[in-house]
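Presented below is the structure to which this report refers.
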Amino acid sequence: MAELLLKHSSNAALLRLLLLTVLSLATVESSSFSENLSPSTLGLNKPEKLSHLHFYFHDIVAGKNATAVRVAQANTTTATSPFGVVVVFDDPLTVRPDMGSKHVGQAQGIYAFASQADASLLVAYNFAFTEGEYNGSSLTVLGRNAVASAVREMPVVGGSGTFRFARGYAEARTQSYDLKTGNTVDEFDVYVLHY
């Protein structure tokens with residue numbers, strides 16, 4: 001009987017030791033939250049491409065089908081001084097200036113009137129593409145848009161999908177502006193380096 005108990009207790013002790021070892025290995029955490037990787041791990045060993053995208057951005061602020069809405073403003077905001085106005089938008093992107101032309105994506109984001117002296121915006125755009133080879137990919141623009149300038153240049157700071165690790169710039173030109181409604185169509189030329 002003592003032999004049987006000794007045999008079971010040594011097996012139980014061995015099993016406990018094995019179980020504790022496995023559990024301790026499973027719960028070992030790295031002391032660092034980052035690691036260095038080779039760029040080829042993410043497919044970055046390919047040559048970069050320079051792509052040019054051309055489309056029209058329809059910012060519709062008036063009417064029942066508005067795609068841009070004011071969500072905040074400062075107490076000091078007036079009709080003559082829009083400083084402090086914040087707008088969220090989900091604007092269509094098309095291949096030509098008319099709204100009925102082929103839809104290639106959406107511009108989604110926020111712009112804020114960030115200048116007390118002129119109509120300059122702080123913009124955070126995501127161009128989410130829905131057509132062709134860029135379907136499902138997006139580009140992100142973050143910067144200053146001096147809307148009264150003939151040509152406005154804004155940095156492309158990144159992207160997703162085909163545009164992962166993208167960088168470049170976007171040029172915007174006002175194609176049309178309706179003084180009565182405030183609706184605007186901007187022409188965009190985007191130049192972007194990506195893999």
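The values are calculated or read from the model by the stated rules, or taken from the named source; none is laboratory data. Just so you know, these numbers come straight off a predicted model, no measurement behind them. Note that each Cβ is placed from the backbone with ideal geometry, even for glycine, and that neighbours are counted across all protein chains shown. For the accessible areas, the whole protein counts, side chains as well, though only heavy atoms, and no ligand, DNA or RNA atoms are used. Shrake-Rupley method; radii C 1.70, N 1.55, O 1.52, S 1.80 Å.
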| field | Rounded FRET efficiency, nearest 0.05, which uses the C-beta distance separating Leu37 from Ser101 and R0 of 41 Å | value | 0.45
| request: Return the carbon/sulfur percentage of the accessible area of segment 138-180, one whole number, probe 1.4 Å, all protein chains in place. | output: 53
| said: Quick check: the distance between the Cα centres of segment 178-195 and segment 70-144, to the nearest angstrom? | reply: 8
| query | Which aspartates and glutamates, on any chain, are close to Lys180 with Cα under 16 Å apart, when same-chain ones fewer than 8 places away are left out? | reply | Asp59
| said: With a cap of 16 neighbouring Cβ atoms within 10 Å, and only residues DSSP puts in a loop, list the chymotrypsin sites (Phe, Trp or Tyr not before Pro) found in segment 131-173. | reply: Phe165
| query | Remind me, relative contact order of segment 88-195 in percent, using alpha carbon pairs under 8 angstrom and six or more residues apart? | reply | 17
